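Worksheet: one structure, shown below.
No lab work stands behind these numbers, since they all come straight from the coordinates. Only a predicted model underlies this, so the values are computations on that prediction, with no experimental measurement involved. Cβ: placed from backbone, ideal geometry, glycine included. Neighbour counts: every protein chain shown.
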Amino acid sequence: MLILDNEIQIDDLSEKFKSETKYLRIDVTSTTPANVLPSIGMYNGKMSFDLAYFFNDYNITPGKKISYPDVIIENSKMEQLAWWNAKQLHEGENIVEIQMHEDNFQTHLGELTSKKAFTNFLQHLKFINIRINYDQAMSQINIRNLIVEDALIPADYKFIRTMHEANEVEVCECPHGYLGTSCESCIDVYKRV
């Protein structure tokens, strides 16, 4: 599902964002059609976006690197999980790719989460927060093409040019009494206790 098609450009970061980390906050539920809301089908898929940052022409010397999570996802319960990029981003164009798997995200305490907790988190995903400052000498950042793969996109979703087949999204065959892509729900005659 394409979440951010247009380019967002933020200028003059060097003065506005000297000391604290800032994020571009994207409301997933308001940027996608109503029938394509976040789902458990994103599990093990890929989130990707293009990010470019630049220094002022008169100041091409990098400043102090800023080390914080690169992406923070947030659900409707205001719980957050963070992802740190293992690769150092550089001035100019960068393609950021994240596998939506519990091993890649941490809580604010630095703890990993379980598969069950992570898939439940994805079902209630509300915000994707993308970090917008990487160096204190930055002057501009551009973010575009935020895409999240989802194996459960409805067939009537007509924006074919934006579709990306989710090749590695896990879908389970459930035993009797269970439903869902990861067997997370009960059939009608049963209830979770």
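Figures for the structure shown
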read-out: Net charge contributed by nearby residues that have their C-beta within less than 13 Å of Gly92 (K/R +1, D/E -1); value: -4
read-out: Among the listed pairs Lys22/Lys87; Lys46/Lys115; Lys87/Lys116, those beyond 21 Å (Cα-Cα); value: Lys87/Lys116
